[in-house]
Each structure stands twice: as C-alpha cells, then as structure tokens.
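Below: the structure, in structure tokens.
Derivation of every value follows stated rules applied to the coordinates shown; laboratory data play no part. Every value quoted in this text rests on a predicted model; they were computed, and no experiment measured them. Note: ideal-geometry Cβ built from the backbone for every residue, glycine included; neighbour counts use all protein chains shown.
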C-alpha cells in the first residue's frame, strides 16, 4: 500500500475479530517496529507479543479493571455523558467495547522501554518507544489489521508486569491489541490543520 | 512509495541541505502528522513550523548549547570516546554535525502537547505526541526529505518557549529538522528482532 494511503486511514480500530494473525504477518509488523528511531539509537525497547490464551484473558481482566478506574477520572467521567450519536459518544462506546473485550484480540503487544538505573521516566522517555508503537499500528493497517494504542493498563501496572515477568527497571509504555477489523479503516476525525500547525510563532496559522 | 519501503528505510538524516521545502510538500507532511492517534483523540498537539531565518538561527544557537550540555552526561561523554569508524563513532560525528548546523535546516518543527492544569507530564504524555512525530518523519522520508527526532532542546526549554511564544501549560516534546538529505536513506542499524521481541513472557524470543 502507498505510504500516504496507510498514514491517512490508520484510525483506532477497537472492535476486532478473534481470528489469528499469521506468524509471518506478525513478524513483518515487528520488523517495521524496530526500524523506528530511539534516543541515541539505544534501542532500549522490548515488545511482549502475547498470543497465549490464558495470558490474554488475564490481561483482558486487568484492562477491564483499568477501564473502570479511567471512568472515575473527571474528564472521562464527563465524556461518558456525551450523546451516543455524537463523535465523543461513539468513541466512548467503542472504547468501552475494548474495555470489555481486550483479552479476545488474537495478539496483544506490550511495548516496554528500559530505564537507566535511578532515572525516572519523563515525557521524552516516550520519544524512544512511541515511534516504534506508531510503526506497529501503521504496519498493521498496511496489512489490513486493526489496532489502537492504549496506556490505561498503567492503572494495573504491577499486576501486568508480574504476569509477563517484566523486570523492575523496565517501564511499560503501551498495550496494543491487534486483530482483523470488524469496522472499517478510513480517515480519522481530526481538527483542521490551521488550528494546530503554526508558522514561526505560537498562534499564527500555517498558511495552506 | 510503498509503506514498508518507507518504514524500513527511514533512518536519522542529520546532514541536510539548506534548499527550501515547497509549501505543498510541507502541508502533506503535516497532514500525515495529524492523522496520528492521541489519547482520547484529544489532539492537544501543536506543531510550530519554523522557516523564518532569524528564528532558525536562534534555535540553532540554543541547540548548540544543548549539545554541549548533553556531552556532559556520562553516557554520552563515554560514547564520545568511541573510535571514529565504529557505528557509535559515526553516529556521534553525525549528531555533532547536527549540533553545529541545526539552524541551517530549511524547516524546524517543534512538536508540543498541552497539559491538563496542574498535571505533570509522564511517559504516557508522550503517547499523544510521538506517534505524530513519527508520522512527520515517515511522511518526509516518503517525499525524499530527511529528518530526525531530537529532544535535547529541553536543556534550553525556557528560551525555546520564549522565542516561539509557547504558553506555560504547553510541553515541548521534540525538535525535528527537515531538509533534503546530503546522505542516503537506507535500513537503519538495529538489534536483531529476537533480542527485543518476546513471545508471551519476558526473555522468551519470538520465533522467527
């Protein structure tokens, strides 16, 4: 597929079929992942590719609990009052579906990043793992596989790390379900470019 | 270009020509950027696209100072002892070149993310901005434009924010130079997949 066709139609697909993903397809996705950049090319990343049914089921349970925690956060509690037909309401319904069915996706990938001893993660720690996560989602979309990026497993981080044997000095960054889509790919709903792209100084819309 | 050809040959290009980038090309890159996901589709991102010569020059000066700060960090100070012909030595020479010439790239993009009032950024804050940064770099590569992700402007964050008029509650996440490459695209040097992709539990190499 053409790059721009992939990049402009990669939307969050949260309703996924349970059909398995062929090994060769998964390897192609992961090969794209590791071509992403990381700070100083240190490649401190690790990707736990979970296909084992019992482990997925347990991750699904933990994710369901995490979803419950998220709904207590004021912003999301407010969003849950959105009309079901509104964009926010539809997204919430889709996210709620994932909250209940995460464990049924045929592949769950936990993207992790090693921390230097004694150093706490910051926003820029993410610069060494989220580009690879984006490559996973783009490569999946190029191969007709749906995905989305989630981070709320952090509400149950200790349990997730214990389940998968992740060392203490490794930070979990994202949980990404992969599966053939029940919904359709397509351009995602976004704010217009002039609202978010500025020319030379804050607030001055990029001409276009 | 085919998606996988783009994703597997997008390497850090730190030596860039000063030739300008056409407006339409830049808009196509930025359109790919905003198709990336963000948490809850909140799109709290802003992208400062700097082409003004005086602002680029000043950003280049600040980046040079930041490079000097980075070289005091033990890991990088150690890396600077690597033989010039080794992979680490070559990367350092390339990064040093960028340290001295950042301001000469025809376009500098500062990727930013809004913070909730009173909330400090964490690693997962990055999940809402670095996927868009990766889309910028992939789209640039698809159009024959070199780029790389840098974060060391944070050593001079206050000055960068003042120069561009960035509000206090907005976090800068990455500074990305764009320009036609002096070097070549190609598969980046990476650890083999079985070292970093695990099946079902930590340390168990993904069969491949």
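Under the classification rounded if a/c is under 1.5, otherwise prolate if a/b is larger than b/c and oblate if not, where does segment A:132-204 fall, given a ≥ b ≥ c as square roots of the Cα gyration tensor eigenvalues? Don't jump to the answer; show the numbers that get you there.
On the way: a/c = 2.84, a/b = 1.45, b/c = 1.96.
In terms of gyration-tensor shape, oblate.
Treat the count of other C-beta atoms within 10 Å as a stand-in for reagent exposure and order B:45, A:202 from fewest to most.
Numbers: B:45 23, A:202 15.
Listed from fewest to most nearby Cβ atoms, that is A:202, B:45.
Return the FRET efficiency for the residue pair residue B:73, residue A:19: r is the Cβ-Cβ distance, R0 is 60 Å, and the value is rounded to the nearest 0.05.
With a Förster radius of 60 Å, E is 0.80.
Which residues does the label zone of residue B:64 cover in segment B:96-116, counting backbone N under 20 Å from a point 7 Å along Cα→Cβ?
B:96-109, by backbone N distance to the label point.
Taking every DSSP beta bridge with both residues inside the protein assembly as shown, roughly what % is antiparallel (nearest 5)?
On the way: 39 of 45 bridges.
The antiparallel fraction comes to roughly 85 percent.
Within 10 Å of each Cβ of A:186-199, how many other protein chain Cβ atoms are there on average?
Values: counts 0, 2, 6, 2, 8, 4, 1, 6, 1, 3, 10, 13, 10, 6.
Per-residue shielding by partner chains comes out at 5.
Based on the alpha carbon coordinates of the protein assembly as shown, what radius of gyration and maximum Cα-Cα distance (Dmax) apply, in Å?
Looking at the protein assembly as shown, its Cα Rg and Dmax stand at 20.4, 62 Å.
What percentage of all Cα-Cα pairs in chain B are separated by more than 21 Å? List each step's numbers first, then the result.
Details: 12567 of 21528 pairs.
Value for chain B (Cα pairs over 21 Å): 58 percent.
Could you tell me how far the Cα centroid of segment A:138-208 sits from the Cα centroid of segment B:28-90, in Å?
21 Å
Which order do B:57, A:154 fall in if you start with the one that has the fewest other Cβ atoms within 10 Å?
Numbers: B:57 12, A:154 19.
Taking fewest neighbouring Cβ atoms as first place, the list is B:57, A:154.
Using Cβ counts within 10 Å as a stand-in for footprinting exposure, how do B:75, A:76, B:63 rank, fewest first? Kindly include the intermediate steps, with their values, before the conclusion.
Values: B:75 11, A:76 16, B:63 25.
Sorted ascending by nearby Cβ count, the order is B:75, A:76, B:63.
Using alpha-carbon pairs under 8 Å, 6+ residues apart, how would you state the relative contact order of chain B in percent?
Values: 321 pairs, mean separation 73.7, N = 208.
So the answer I get is 35 percent.
Apply 1/(1 + (r/R0)^6) to the Cβ-Cβ distance of residue A:53 and residue A:185, taking R0 = 41 Å, and write down the FRET efficiency to the nearest 0.05. Don't skip to the end; give the middle numbers.
Working: r = 27 Å, r/R0 = 0.66.
E between residue A:53 and residue A:185, to the nearest 0.05, is 0.90.
Using a 7 Å offset from Cα along the direction of the beta-carbon, what are the separations from residue B:203 to the same position in each other copy, nm, ascending?
5.6
Nearest-to-axis residue of chain B, judged by Cβ, for the B-to-A rotation, with distance in whole Å?
B:126, 1
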